[in-house]
Amino acid sequence: MISVDQALEKVLERIDVLGAEESPILNCLGQVLAEDIFSPINIPPLDNSAMDGYAVRSADTRGASRRSPCFLRVTETVTAGAIPKGEVKPGMAIRIMTGAPVPKGADCVVRFEDTDESEREGTPAEIGILQEIEAGRDIRPAGEDITAGSLVLRKGTVIRPAEVGVLASLGRGRVMVIRRPVVAILATGDELVDIAQPLPQGKIYNSNSYSVAALVLRYGAVPRILGIALDSEDSLVARLHLGRDADMVITSGGVSLGDYDIVREVLAKQGETIFWQVREKPGKPLVFGMLRGKGGKAKNIPLFGLAGNPVSAMINFELFARPAILKMMGRKNLAKPTVEAILADAIENTDGRRIFARVLVEKRGGQYLARLTGPQGSGVLTSMALANGLVVVPENKPGVKRGDLVKVMMLDWGEEVEQSVSKRRKV
Ligand code: AMP
Ligand code: MG
C-alpha cells in the first residue's frame, strides 16, 4: 500500500496545467494570470495634489509664519477631474482639491490648516500662508505608482482583490488567465436518493455530491453534478460517459472490497488504474486513475474514486483532488497551511497508517489548542462540520498523547471560522 506522499506524487505527475482564456477581471479571483501586464499609462497620469489646500510657488512662502503670514492672490479653484485654466505666477495661488492636477508654476501645496482660510468668508480672493513650505510638498508626481510602459503584474500572479484593482486602474476590463477546470461529480450506490426526493425506507440522501461540489467551488473550479449511478457496471459506465469531456472526474462510493464495489474494475476497463488504497485513516480505499476521454484523440481525464463514507470523501478530496485542481489552475502553492497545536485528547495509531483526526483549533493564551470534535467514525459527517483542522498523526508513530505538540492541517483559516467557533461554544 502506498503512502499519502507517494500517492500525491503519483497524482500530480498526471496533472497538466490547463490552457488560458480571456475573462472579465471580476471573474478572475483566485485564477492565475497567463500574460504579463504592462501599463499603457502613468498612474497617476499628472502631478496632482495630495491634500485640499492652495497650489503656490514655494519661494512665495519664504519667511511666512503665523505672526507674519505671506498674502497671495487667489485666481481660481481646481477640483479633482478638472484642468486648471491658468498658471501660478509669483504672488498668486490656486485653490486645489485632493487629486486635482497641479497648475503650471506651482511647486507645492499648502494645506488649508496652514492658511488663514478658516478666518475668511466664502471663497477668498486673497489667502494668508502661515508657514514656509518646501518645494514638492503634498504633490504626488505623475507615475508615482506606475510608470507608462512598466511591467505591473507578471504572468503567473494569482489574482486577488488587489490585483483586480490594479488591472482596473490600468483600464483593463479583461485579461488572459488559466481557465478553471470543470469537475464532473458522480455518486455511486443503490442506497442513494437525491435531496430533491422523499426518503424511502432503507435509503440515504446523497450528501457526497454536494460536499464535493462545494469543495470544488471553494477551490475555484466548476462543479458539474452527474447524479447517482447504481451499483451496476452498465449504470456506472453510462453516467461516467457524461463526464468524459470534463477536466476531472470524482466519484464516491464503490471502491472497497464489497460485492458491489465496481468502480475500480470499471475504471480499469474504461482507462487505467494508477493506484488503489493509501496508507491513511480515514480514506484508505481511494482509487486514482485516468479515464479515457471522449473521441479518439481526446486527452485522458484524471479520476478520483473517493470512498463512500462522507468524511473519507471530504478528506481525500482535500488531500489529493484539491492540489490537483490547483495545479490545473496554474497555482504553485498546493499545500494547506499548518499550525503547531497542543492536543487536548490522545489519539492511538494501531495499524501504521497516517491519521487525519478532526479537531477544532482555538487560540488560548497565545498557544493553539486542538480538541477532537467527537466520535471519529468516517461516517460521522458532523465531525467535519465541527472541525476547522485535521491533526496529522504520522504513520510511523503509535499515537500521540494528550498535551503533545502536534501538526494540524488547517481546513479553514479566517473570519468565518472564528464566527462558527463562537457559535459552537454556546451549544
Ligand atoms: P461504499 O464506499 O460504497 O461502500 O460506501 C461506504 C458508506 O458510505 C456507506 O455507508 C454508504 O451508504 C455511504 N455513502 C456512499 N456514498 C454516499 C453518498 N454519496 N452520500 C452519503 N453517503 C454515502
Ligand atoms: Mg456503495
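The values are calculated or read from the model by the stated rules, or taken from the named source; none is laboratory data. Remember, it's a predicted structure, so these values are computed and weren't measured experimentally. Counting neighbours? That spans all protein chains shown, and the Cβs are built from the backbone with ideal geometry, glycine included.
Annotations for the structure displayed:
- Scanning the range 112-123 for residues that are surrounded by fewer than 18 Cβ atoms within 10 Å (Cβ to Cβ), of a type outside the set (Phe, Trp, Tyr) and touching a residue at least 40 places away in the same chain (Cβ under 8 Å) yields Asp116, Thr123.
- Some residue of the range 7-28 being touching a residue at least 60 places away in the same chain (Cβ under 8 Å), farther than 30 Å from Leu303 by Cβ, in contact with a strand residue (DSSP E or B) (Cβ under 7 Å, 6 or more places away or on another chain) and not aromatic (Phe, Trp, Tyr): yes
- Among (1) free of Cβ contacts under 8 Å to residues at least 40 places away in the same chain; (2) of a type outside the set (A, V, I, L, M, F, W, C); (3) over 14 Å from Ala313 (Cβ atoms) - the single one Arg239 does not satisfy: (1)
- Residue in the range 262-269 that is at pLDDT 95 or above, more than 14 Å from ligand 2 (Cβ to nearest atom) and surrounded by fewer than 19 Cβ atoms within 10 Å (Cβ to Cβ) present: yes
- Residues being crowded, with 18+ Cβ neighbours inside 10 Å and away from ligand 2 (no atom under 16 Å from the Cβ) - total across the range 183-195: 2
- Filter pass, Thr373 being more than 16 Å from ligand 1 (Cβ to nearest atom), hydroxyl-bearing (Ser, Thr, Tyr), touching a residue at least 12 places away in the same chain (Cβ under 8 Å) and exposed (fewer than 15 other Cβ atoms within 10 Å of the Cβ): no
- Filter pass, Ala298 being in contact with a helix residue (DSSP H, G or I) (Cβ under 6 Å, 6 or more places away or on another chain), away from ligand 2 (no atom under 15 Å from the Cβ) and within 30 Å of Thr157 (Cα to Cα): no
- Yes/no for Val177 being in contact with a strand residue (DSSP E or B) (Cβ under 6 Å, 6 or more places away or on another chain) and either within 16 Å of ligand 1 (Cβ to nearest atom) or assigned to a loop (DSSP other than H, G, I, E, B) (or both): no
- Condition check for Gly305 on (1) more than 13 Å from ligand 1 (Cβ to nearest atom); (2) over 17 Å from Val380 (Cβ atoms): one failure, at (1).
- Only one entry of Ala313, Ala321, Ala246, Ala213 meets the criterion of being in contact (Cβ under 8 Å) with a residue 24 or more places away in the chain and in a loop (DSSP other than H, G, I, E, B), and that entry is Ala246.
- If you check Thr273, Thr251 for being within 13 Å of ligand 2 (Cβ to nearest atom) and either touching a helix residue (DSSP H, G or I) at 6+ places or on another chain (Cβ under 9 Å) or under 16 Å from Val311 (Cα atoms) (or both), only one passes: Thr251.
- Within the range 265-292, the set of residues being within 11 Å of ligand 1 (Cβ to nearest atom) and either part of a helix (DSSP H, G or I) or free of Cβ contacts under 8 Å to residues at least 12 places away in the same chain (or both) is empty.
- From the list Phe275, Phe320, the lone residue that is surrounded by fewer than 22 Cβ atoms within 10 Å (Cβ to Cβ) and of a type outside the set (S, T, N, Q) is Phe275.
- Val380 within 25 Å of the chain's Cα centre (by Cα) and at pLDDT 95 or above: no
- Taking the range 216-243 as the range and being among the polar types (S, T, N, Q) and not in a loop (DSSP other than H, G, I, E, B) as the test, only Ser235 passes.
So that you can scan it fast, the table gives a plain yes or no per residue for (1) at negative phi; (2) part of a loop (DSSP other than H, G, I, E, B); (3) in contact (Cβ under 8 Å) with a residue 24 or more places away in the chain; (4) not aliphatic (A, V, I, L, M):
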{"site": "Leu326", "(1), (2), (3), (4)": "yes, no, yes, no"}
{"site": "Lys336", "(1), (2), (3), (4)": "yes, yes, yes, yes"}
{"site": "Ala341", "(1), (2), (3), (4)": "yes, no, yes, no"}
{"site": "Gly352", "(1), (2), (3), (4)": "no, yes, yes, yes"}
{"site": "Val359", "(1), (2), (3), (4)": "yes, no, yes, no"}
{"site": "Leu369", "(1), (2), (3), (4)": "yes, no, yes, no"}
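- Checking each residue in the range 132-162 for being among the aliphatic types (A, V, I, L, M), farther than 17 Å from Val88 by Cβ and assigned to a loop (DSSP other than H, G, I, E, B) picks out Ala142, Ala148, Ile159.
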